[in-house]
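Inspection log for the structure reproduced underneath, given as structure tokens.
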Amino acid sequence: MDVYRPVPSDRVSSRYITCPGLSEVGLMQWLENQEEVRVERWENLDEWDVGVYLADGHRWRVDVKDHQDAQTIIDRPPAGETVVVPNYRRSQVNQLQSELDALRTADGQRYRVFTVSRFKAAVTRRLKGMGV
């Protein structure tokens, strides 16, 4: 018989550093399979989840966020200017973009919010020379 035992809080918080979510890993794998894309996982000691660098010099610093409540993301804005949420959280995109529009990253960049599918489409368009 399995017995529920609380997990010490240090193990709970470390989960988010050591065990990335499926959306995060899936996006990284997709990016790594794209030609002319350099991917840096957990760049700057996990300051953001993935750095995406294209041959034309364009870059995205991506934070993949999978929170039930979008307000938790707004309350602690990501370091990366590109916020990507799983497709099943698409209802959060407008709220996140609206609230994050008033904020900037530490280096003054504006936030852009995408679902995973929309971010992949943006990367694909950029790779085909159609911009973002």
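The values are calculated or read from the model by the stated rules, or taken from the named source; none is laboratory data. In this text, all values refer to a predicted model and were calculated from it rather than measured experimentally. Because the Cβ atoms are built from the backbone with ideal geometry, glycine has one as well, and the counts that use them run over all protein chains shown. Side chains are part of the model used for accessible areas, which takes the heavy atoms of the whole protein and leaves out ligands, DNA and RNA. Shrake-Rupley method; radii C 1.70, N 1.55, O 1.52, S 1.80 Å.
A few notes on this one:
- A simple rule links phi to the HN-Hα coupling: the Karplus curve 6.51 cos²θ - 1.76 cosθ + 1.60 with θ = phi - 60°, which for segment 74-89 gives 5, 5, 10, x, x, 6, x, 6, 10, 9, 10, 10, x, 4, 6, 10 Hz, with x for Gly and Pro.
- The ARG59 and GLN95 beta-carbon pair, evaluated with R₀ = 35 Å, returns a calculated FRET efficiency of approximately 0.85.
- DSSP bridge orientation in segment 12-132 - percent antiparallel, rounded to nearest 5: 60 percent
- Cα→Cβ-extended label distance, 7 Å offset, between ARG38 and LYS128, nm: 2.6 nm
- Remark: the ARG118-ALA102 segment gains 3.6 nm on full extension, using 0.36 nm per residue and subtracting the alpha carbon distance.
- Charge tally for LYS120 (other residues, Cβ to Cβ under 13 Å; Lys, Arg +1; Asp, Glu -1): +3.
- Estimated at the nearest 10 Å², the accessible area of GLU99 is 90 Å² with a 1.4 Å probe.
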